[in-house]
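The block underneath contains the structure these notes are about, expressed in structure tokens.
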Amino acid sequence: MTRDIAELTDDALDKAPFPKAATPEDLEDLALGDDYALNPEYVDMVIDAADSGNTERLRELVGALEPADVADLMGFLSSAYREEVIPLLDPEALGEIISEMDENLREEVLEATPSVTLARALEELDTDDAADVIDDLDDTKRYQVLAAMGEVDRAAIETTLSYEDETAGRLMQREFLAAPEFWTAGHTIDHVREAGDSLPELFFDVYVVDPTYKPVGAIPISLLLRSRRETRLADLMEAVTEIQVEMDQEEVAYIFDKYHLISAPVIDSGGRLVGQITVDDIVEVIREEAEADILALAGVSDAGRDATVIDIVRARLPWLLLNLVTASIAVSGVAVFQEEIAQLVALAILMPIVSSLGGNAGTQSLAVAVRALASKELTTANARRIVLREVSVGLVNGLCLALVMGAATYMIFGPEDQHGKLAIIVGLALVTNIFTAAVGGILAPLALEKMGRDPAVSSSIFVTFLTDFTGFFAVLLIAALLLH
């Protein structure tokens, strides 16, 4: 489709994937599937409009989408097409579009957007989102954008950027609604109506503060609106869960999940209210942390849709080289037992099975341990019980698999004396390796956590080495003992 839909002939319309759309609402309906993902045909429509040089149609197609959908669309377009779309983006929605983009795409859009235009767009965002975008700029452009912003917005963003990355200070928005205890519900509602743009775009609670600006309670907006105008805030407020400004964002997400919070006040070292964190920010944190843990367990990083082959190779090859070293060490013990392998060649067939089953068992224990540590279900208070449980599971699984594998080995290789011993060798080796895998899978992340390391990053390499080494060595050592 290379022409404007409005100009398609009747014959072409019959073959078009979508009917003629007359309004932005119609286009938006056409753009999204039932799962709210962009339809491939709609992306083709955007590309066709760009290919034909139909700027007005391209503007119409892009303008019909919500900011989050525009950000998604940019990920499906090549760099050349994005250059055509960027100048057509709605200036009022530009800030939100940029904040929704993947980081690798965001950098490209930021470079192509004039500093003054970018400054005006970021002024429409809450300070946490604006600071997140500003942080991605190079020093020169950051200075230009901040210089073009209003004094109040610039000061708020600079303060946010002064906090460490991935802390509550970087996560919070500095816009919030606070009121003294002696105010009434009516007074507070009137203040909300008069304050207008100075309040955050989205908020759920009124934070009640004492004369030193320390939060003493919170009132849900729903409760405030249901209350009589003359009711004092001190009589309405509920206990509040405070977040320290230097707290790690994972800790913040844990608190939100544990206490089912929608928002929470952020306080500085002196206990003064400096911002708020809302649940929409926490959802993003949980998603990012979950993605990071999954990728770390696999020893890879997020490549992104526009990553090149070289970028991906650089990210993955070092881990594979490390795995090559550990695997080489693991199999080095095989050379010591050449006589046993020559005496019973079937050992060479069965060793990889023992090693593979141990690796899978170790991965199971490892995944459970990393998740439990991240969600604080595994702590020093219950570590002993969890370790004993996983070790017991490994022992039972090893015994069950040993019986199955031993019987299968005996049936396949026959009842001869050496083959009978082979079944015993494989069974004992399986029990040993799966037991070892369970111990390593639970203890490795615990040890790394104790050392202040991320257990998701290095545990898998250690456990793979342990199960490979134990798998080969157990088979051959037991064979050496039984065959002589």
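Computed values, structure above
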| quantity | calculated |
| --- | --- |
| Cβ-Cβ under 6 Å pairs, at least 6 apart or on other chains, the stretch 269-290 side within 17 Å of residue 96 (Cα to Cα), far side of a type outside the set (Asp, Glu) and surrounded by 12 or more Cβ atoms within 10 Å (Cβ to Cβ) | 278/263; 281/171 |
| Number of the exception - residue 131 against (1) surrounded by fewer than 19 Cβ atoms within 10 Å (Cβ to Cβ); (2) touching an Asp or Glu at 6+ places or on another chain (Cβ under 9 Å); (3) assigned to a helix (DSSP H, G or I) | (1) |
| Those residues of the stretch 342-391 which are acidic (Asp, Glu) and either surrounded by fewer than 16 Cβ atoms within 10 Å (Cβ to Cβ) or in contact with an Asp or Glu (Cβ under 8 Å, 6 or more places away or on another chain) (or both), in sequence order | 377 |
| The lone exception for residue 65 - which of (1) within 30 Å of the chain's Cα centre (by Cα); (2) in a helix (DSSP H, G or I); (3) in contact (Cβ under 8 Å) with a residue 12 or more places away in the chain; (4) under 26 Å from residue 111 (Cβ atoms) it fails | (2) |
| Residue in the stretch 292-299 that is modelled with pLDDT under 90 and not in a helix (DSSP H, G or I) present | yes |
| The one condition in (1) closer than 22 Å to residue 245 by Cα; (2) touching a helix residue (DSSP H, G or I) at 6+ places or on another chain (Cβ under 8 Å); (3) buried (at least 21 other Cβ atoms within 10 Å of the Cβ) that residue 136 fails to fulfil | (3) |
| Test: residue 58 is more than 29 Å from the chain's Cα centre (by Cα) and either in a helix (DSSP H, G or I) or under 23 Å from residue 131 (Cα atoms) (or both) | yes |
| Number of positions in the stretch 248-261 that are among the charged types (D, E, K, R) and not in a helix (DSSP H, G or I) | 1 |
| Residue that is farthest from residue 387 (Cα to Cα), among those in the stretch 433-443 that are of a type in the set (A, V, I, L, M, F, W, C) and either buried (at least 24 other Cβ atoms within 10 Å of the Cβ) or not assigned by TED's automatic domain parsing to the domain that holds residue 399 (or both) | 434 |
| All positions within the stretch 412-429 that are at pLDDT 80 or above, of a type outside the set (Val, Ile, Thr) and more than 15 Å from residue 469 (Cβ to Cβ) | 421, 422, 423, 427, 428 |
| Qualifying position, being touching a Gly at 6+ places or on another chain (Cβ under 8 Å), modelled with pLDDT of 85 or more and either in the same structural domain as residue 464 (by TED's automatic domain parsing) or closer than 26 Å to residue 477 by Cβ (or both), among 356, 392 | 356 |
| Which numbered condition residue 20 fails, given (1) at pLDDT below 85; (2) not in a loop (DSSP other than H, G, I, E, B); (3) not hydroxyl-bearing (Ser, Thr, Tyr) | (2) |
| Residue within the stretch 160-175 that is assigned to a helix (DSSP H, G or I) and exposed (fewer than 15 other Cβ atoms within 10 Å of the Cβ) present | no |
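A quick yes/no check of all residues on (1) without any contact (Cβ under 8 Å) to a residue 40 or more places away in the chain; (2) in a helix (DSSP H, G or I):
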{"site": "34", "(1), (2)": "yes, no"}
{"site": "45", "(1), (2)": "no, yes"}
{"site": "70", "(1), (2)": "yes, yes"}
{"site": "83", "(1), (2)": "yes, yes"}
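The values are calculated or read from the model by the stated rules, or taken from the named source; none is laboratory data. Keep in mind that what you see is a predicted model, and the values were worked out from it rather than measured. Because the Cβ atoms are built from the backbone with ideal geometry, glycine has one as well, and the counts that use them run over all protein chains shown.
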